[in-house]
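Chemist: What follows is a structure written as C-alpha cells; I'll ask about it next.
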Amino acid sequence: MLETTDLTVRFGGHVAVNAVSCAFAPGTLTAIVGPNGAGKTTYFNLISGQIKATAGRVKLNGVDISQQGAPARAQAGLGRAFQLTNLFPNLTVRENVRLAVQARAGAGLNLWKIWSDRKDLVVRADEVLETVALADKGDQLAASLPHGDQRKLEVGILMALEPQVFMFDEPTAGMSVDEVPVILNLIRQLKADKTKTILLVEHKMDVVRELSDRIIVLHNGELVADGDPATVIASPVVQQAYLGINPEEKEEVAA
C-alpha cells in the first residue's frame, strides 16, 4: 500500500534520512524505533509531505505522490497524528470531528449549513465521539481538554477521515499511566481492520512489543534492521544502537 524508495533529506551538510527504502502492507502495524535523533519523525514528515525530500520517492497504492504536498497526500489516504496535538483549539470537540467527517464526505467546511441537510454525517460524527470516549465532552472547547483527551480527539479526527494509512508519532507521549490504555485500545481497534496500514513511532518498548507485527530500526538516518519484533529486538545492532547494550560486554558480564 505504501512504499518509500531511497528516501533522503539533507539539511545543509547533515543527512537526516539516508536512502531509506521500505514497503508497508495492508493489515500490518509497523513500529519505527531508534535512538533520539535517528530520523524517525523526519522519515514520517517525508512520507506525509510536511517536508520535501532531497531525493527518493513515496508511492501510495502504486501512485507516485512524491511531488504532492501534505494536504494532497492526506486526501489520497495518508492520515497523520503528531507528537504535539494538532487540533482546532477554539472549536468544540464535536466541531473538530464534524469537520473531519465533512472533509471525508467532500461536503465542504461550512460547520452549520451542512448539518441540516446531511443527518448521516451528524450520526457518523457522534459515532466517532462514542468510539473515542468523548461523547460526554462534545460541547467543550478542544483547548480546554486535558492532554489525554486531546490525544483521544486527535485519534478520533483521524478515524473520521478514514485514511488508508494511519501514522502515529509517539501517541502516548505526555500521557499519564491511566490514560495510555485508552489510546492503545483505539489503535488495537484500527489494527483489527486488515485493509488499513498502521505506522507507529514509539519509544516505549512494551507498547512496541505488544502492538507491532514488524519493527524497523533507524539509526543515524539509515535503516539498520527490519523484521518481526522478537528477532529485531534481540539483534545486536538494536541492542547497541537503541538500547545502549554492547553485545560483547553483555557476554563478558554473563561469563
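Chemist: What is the distance in Å between the Cα centroid of the range 12-72 and that of the range 120-172?
Modeler: So the separation of the two Cα centres works out to 25 Å.
Chemist: Where does the chain land at 222 nm, in deg cm²/dmol rounded to the nearest 500, when only DSSP H runs of n ≥ 4 count, each adding -39500 (n - 2.57), divided by all residues? Please report the intermediate quantities before stating the final value.
Modeler: Details: 11 runs with 101 residues, N = 255.
The helix contribution divided over the chain gives -11500 deg cm²/dmol.
Chemist: Hull surface divided by four, with the convex hull built on the Cα atoms of the range 124-183: how many nm²? Provide the component values of the computation, followed by the final result.
Modeler: Values: hull surface 17.2 nm².
So the Cα hull casts an average projection of 4.3 nm².
Chemist: Here's something else I'd like to know. Bin by bin, in steps of 5 Å, what percent of the Cα pairs in the range 9-68 do you find, going until the bin that has the longest distance?
Modeler: 4, 16, 27, 27, 18, 7, 2, 0
Chemist: Moving on. What list of ³J(HN,Hα) values in whole Hz, one per residue of the range 180-185 in order, does the Karplus curve 6.51 cos²θ - 1.76 cosθ + 1.60 (θ = phi - 60°) give from phi, with Gly and Pro shown as x?
Modeler: 4, x, 5, 5, 5, 5
Chemist: Next up: Short version: ³J(HN,Hα) in whole Hz for each residue of the range 154-164, in order, from phi by Karplus 6.51 cos²θ - 1.76 cosθ + 1.60 (θ = phi - 60°), x for Gly and Pro, what are they?
Modeler: Each residue's phi maps through the Karplus curve to give 5, 5, x, 4, 4, 4, 5, 6, 6, x, 7 Hz.
Chemist: Same structure again: Residues in the range 195-233, backbone N under 15 Å from the label point at T54 (7 Å along the Cα-to-beta-carbon vector): list them, ranges by number please.
Modeler: 220-223
Chemist: What is the dipole size for the chain, taken about its Cα centre, with +1 at each Lys and Arg Cβ and -1 at each Asp and Glu Cβ, in debye to the nearest 20? If you can, show how the numbers build up before the last one.
Modeler: Working: 25 positive and 30 negative charges, 198 e Å.
Using only the charged Cβ atoms, the result is roughly 960 debye.
Chemist: For the chain, with the dipole built from +1 on Lys and Arg beta-carbon atoms and -1 on Asp and Glu ones, taken about the Cα centre, which of A38, Q140, Q189 lies farthest toward the positive end?
Modeler: Positive-most Cα among the choices belongs to Q140.
Chemist: Separate question: Which aspartates and glutamates have a Cα less than 14 Å from the Cα of K59, not counting those fewer than 8 places away in the same chain?
Modeler: E3, D6
Chemist: Give me the extension gain from S176 to A133: residue separation times 0.36 nm, minus the current Cα-Cα distance, reported in nm with one decimal. List each step's numbers first, then the result.
Modeler: Details: separation 43, 0.36 × 43 = 15.48 nm, distance 1.65 nm.
Residue separation times 0.36 nm, minus the Cα-Cα distance, leaves 13.8 nm.
Chemist: If you average over every viewing direction, what projected area does the convex hull of the Cα atoms of the range 87-162 give, in nm²? Provide the component values of the computation, followed by the final result.
Modeler: On the way: hull surface 17.3 nm².
If you wrap the Cα atoms of the range 87-162 in a convex hull and average its projections, you get 4.3 nm².
Chemist: A follow-up question, please. Output the peptides 144-150, 126-132 sorted from most to least packed, where packing is the average of other Cβ atoms within 10 Å over each peptide's residues.
Modeler: Details: 144-150: 16.6, 126-132: 19.0.
Most protected by this proxy first, the peptides run 126-132, 144-150.
Chemist: Looking only at the chain, where both bridge partners belong to it, what percent of the DSSP beta bridges are antiparallel (to the nearest 5)?
Modeler: Details: 20 of 37 bridges.
Taking every DSSP beta bridge with both residues in the chain, the antiparallel ones total about 55 percent.
All of the numbers you see were taken from the coordinates with simple rules; none came from a lab. Model, not experiment: these values are computed from the prediction. Cβ sites come from the backbone with ideal geometry, for glycine too, and all protein chains shown count toward neighbours.
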